[in-house]
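Below is one structure, written out as structure tokens; comments come after it.
The values are calculated or read from the model by the stated rules, or taken from the named source; none is laboratory data. This is a predicted model, so every value here is computed, not measured. Don't worry about glycine lacking a Cβ; one is built from the backbone with ideal geometry, like all the others, and counts go over all protein chains shown. When the accessible area is computed, the model is the full protein with side chains, heavy atoms only, and any ligands, DNA or RNA have been set aside. Shrake-Rupley method; radii C 1.70, N 1.55, O 1.52, S 1.80 Å.
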Amino acid sequence: MDKKELKKELENYEIQMTSAERSKAYFNGERVDHLPFNIMSLDVVYGMNMGYSLKETDNVDNLIKIIERRSKEYKIYGISEGLNLRAMGYCLGSTGIFPENDIDHVDHYLMEDELNMDLLELPDPYTNELLKKKLEKARKLREHFPDHPISTFVAGPISTAVAIRPISKLLRDLRKNPDGVKELIDFCVKANMAWARAFKDEFGPVKLMIADPVSCDDILSPKQIKEFSYPYLKNLITSLYELNGIKPDLHICGHTKRQWEDLKEFDIESFSVDNCHNLSECKDKIEDKLSLMGNVPPVDVMRNGSIDDVIESVKICIKKGADCKHGYICATGCGTGPGTPKENIDAFVYAVRKYSKDAKLGEMPEAIYQ
């Protein structure tokens with residue numbers, strides 16, 4: 001299918017609900033026009049297809065224009081502002097490089113030389129320069145889009161820590177200075193909760209996403225996960241749930257199969273599984289407690305694939321995940337990267353509308369067989 005054919009095909013599937021309406025109805029057990037979906041980092045890639053650089057998509061005035069256009073085109077309603085994997089590190093004293101069209105990265109860590117807790121002071125979101133700007137940005141978005149649900153996001157505790165202390169040195173510290181690492185990770189829980197409390201004070205109870213790539217099986221051993229990740233991640237999740245009365249969602253990049261049973265002990269609503277895993281295997285392990293999210297490959301398919309590749313990948317994910325007992329959100333397996341073409345975003349939306357038509361929680365849509 002080419003771009004012209006895709007545009008014509010999309011016209012056959014009228015949008016009947018906003019994304020917020022659809023999600024609420026679906027998780028209440030009602031039949032909806034199609035499955036809820038989530039193209040992670042959509043505003044960045046959509047904005048870049050409008051002609052903005054990656055850095056320019058972070059400007060609030062540009063972001064307002066992006067949200068206005070994608071809301072009108074896809075009826076995707078929602079605004080979000082939060083802390084990416086490195087943001088808390090920057091708040092606390094690490095410094096970064098912010099390319100025009102690529103992901104930011106830390107160039108100097110606050111604890112480059114040693115794990116020294118005396119260097120840290122719990123940030124106040126109302127006085128910390130970076131956090132204060134983020135709250136101001138969120139206020140402007142809320143003022144401009146009062147009808148959109150607002151959400152936020154943070155990094156997991158150990159993933160926050162590696163923006164303060166280089167990951168190679170932190171992994172060494174797990175053996176040589178385990179108590180120091182635990183003190184640092186516990187601090188990261190408190191720092192993220194300071195942000196979450198300020199966000200709730202500003203906007204009321206909100207949905208929250210946690211991204212925790214360092215907690216994957218590729219980086220930490222099962223013993224290290226149990227000792228340095230699990231208790232702190234669980235503490236953060238429980239604290240967020242108690243704060244908002246809304247269960248957060250969790251995404252862990254990379255392999256996580258050894259952890260699927262343990263995830264069910266967390267107060268999360270949905271687990272977002274990386275595209276390195278078979279979606280149906282994860283569903284079978286977690287569906288008795290959790291909803292499932294994922295896992296169209298963001299690089300091989302969304303950025304580098306063809307329109308037909310995207311459609312086929314979405315279709316496969318629906319076949320594997322749509323009948324999850326606690327619900328399924330068709331999503332990318334991680335953040336959608338810079339350079340993703342607009343037609344592949346359209347192809348994702350088209351495939352969800354066509355192949356999950358008349359979706360209902362726990363059921364396989366009949367449309368998938370057509």
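Between a first residue in the range 239-257 that is more than 16 Å from Asn38 (Cβ to Cβ) and a second residue that is open to solvent by less than 40 Å² (accessible area, probe 1.4 Å) and assigned to a strand (DSSP E or B), which pairs have beta carbons less than 8 Å apart while being 6 or more apart in sequence or on different chains?
From residues that are more than 16 Å from Asn38 (Cβ to Cβ), the pairs are Leu240/Leu208; Leu240/Ile210; Asn244/Leu208; Ile246/Leu208; Thr256/Val273.
Can Leu170 be described as crowded, with 21+ Cβ neighbours inside 10 Å and modelled with pLDDT of 95 or more?
Yes, satisfied.
Taking the criterion of being modelled with pLDDT of 95 or more, surrounded by fewer than 23 Cβ atoms within 10 Å (Cβ to Cβ), under 19 Å from the mean Cα position of the chain (by Cα) and acidic (Asp, Glu), would at least one residue in the range 332-347 satisfy it?
No, the range 332-347 has no match at all.
Output the qualifying pairs, or none if there are none: Cβ atoms under 6 angstrom, residues six or more apart or on different chains, first residue in the range 291-314 and over 24 Å from Thr256 (Cβ atoms), second residue at pLDDT below 95 and in a loop (DSSP other than H, G, I, E, B).
Ile307/Met1; Asp308/Met1
Considering each residue of the range 101-111, count those that are part of a loop (DSSP other than H, G, I, E, B), in contact with a Lys or Arg (Cβ under 8 Å, 6 or more places away or on another chain) and in contact (Cβ under 8 Å) with a residue 40 or more places away in the chain, and give that number.
Residues meeting the conditions: 4.
I'd like the full set of residues that are of a type outside the set (D, E, K, R) and either without any contact (Cβ under 8 Å) to a residue 40 or more places away in the chain or assigned to a helix (DSSP H, G or I) (or both), limited to the range 133-150.
Leu135, Ala138, Leu141, His144, Pro146 - these are the residues of the range 133-150 that are of a type outside the set (D, E, K, R) and either without any contact (Cβ under 8 Å) to a residue 40 or more places away in the chain or assigned to a helix (DSSP H, G or I) (or both).
Pairs, please: C-beta under 7 Å, at least 6 apart or cross-chain, first residue at pLDDT 95 or above and in the range 117-132, second small (Gly, Ala, Ser) and assigned to a loop (DSSP other than H, G, I, E, B)?
Leu119/Gly93
Could you grab the pairs with beta carbons closer than 6 Å, sequence gap of 6+ or different chains, first residue in the range 357-370 and open to solvent by less than 70 Å² (accessible area, probe 1.4 Å), second one among the hydrophobic types (A, V, I, L, M, F, W, C) and not in a loop (DSSP other than H, G, I, E, B)?
What qualifies is Ala359/Val32; Pro365/Ala359; Ile368/Ile318.
Among Ile97, Ile103, Ile66, Ile79, which is closer than 22 Å to Asp212 by Cα and open to solvent by less than 20 Å² (accessible area, probe 1.4 Å)?
Ile79
Would you confirm, using the coordinates I've provided, whether Glu202 is assigned to a helix (DSSP H, G or I), acidic (Asp, Glu) and over 15 Å from Arg165 (Cβ atoms)? Reasoning before the result, please.
Numbers: assigned to a helix (DSSP H, G or I): yes; acidic (Asp, Glu): yes; over 15 Å from Arg165 (Cβ atoms): yes.
So Glu202 passes the test.
Per-residue answers, yes or no, for (1) small (Gly, Ala, Ser); (2) more than 22 Å from the chain's Cα centre (by Cα); (3) within 17 Å of Met40 (Cα to Cα):
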site	(1), (2), (3)
His277	no, no, no
Cys282	no, no, no
Ile286	no, no, no
Pro298	no, no, yes
Arg303	no, no, yes
Asp308	no, yes, no
Ala351	yes, no, yes
Tyr355	no, yes, no
Asp358	no, yes, no
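Determine, yes or no, whether Gly362 is among the small types (Gly, Ala, Ser), in a loop (DSSP other than H, G, I, E, B) and more than 29 Å from Lys55 (Cβ to Cβ).
Judged against the criteria, Gly362 is a match.
Working only within the range 13-63, note down all residues that are in a helix (DSSP H, G or I), open to solvent by 40 Å² or more (accessible area, probe 1.4 Å), more than 30 Å from Ile97 (Cα to Cα) and basic (Lys, Arg).
Lys24
If I ask for residues that are outside any helix (DSSP H, G or I) and either on the phi > 0 side of the Ramachandran plot or out of contact with any Asp or Glu (no Cβ under 8 Å at 6 or more places or on another chain) (or both), which ones from the range 151-166 would you list?
Ser151, Phe153, Val154, Val162, Ala163, Ile164 - these are the residues of the range 151-166 that are outside any helix (DSSP H, G or I) and either on the phi > 0 side of the Ramachandran plot or out of contact with any Asp or Glu (no Cβ under 8 Å at 6 or more places or on another chain) (or both).
Go through Val206, Val189, Val181, Val214 for me and flag whichever is surrounded by 18 or more Cβ atoms within 10 Å (Cβ to Cβ) and either among the hydroxyl-bearing types (Ser, Thr, Tyr) or under 25 Å from Pro298 (Cα atoms) (or both).
After applying the criteria, what remains is Val214.
Where residues in the range 152-167 are touching a helix residue (DSSP H, G or I) at 6+ places or on another chain (Cβ under 6 Å) and of a type in the set (A, V, I, L, M, F, W, C), which of them is surrounded by the most Cβ atoms within 10 Å (Cβ to Cβ)? Write out each step before concluding.
Applying the first criterion (touching a helix residue (DSSP H, G or I) at 6+ places or on another chain (Cβ under 6 Å)) to the range 152-167 yields 152, 154, 156-164.
Pick out the ones that are also of a type in the set (A, V, I, L, M, F, W, C) and you get 154, 158, 161-164.
Working: Val154: 29, Ile158: 27, Ala161: 26, Val162: 23, Ala163: 26, Ile164: 27.
Residue satisfying both the conditions and the ranking: Val154.
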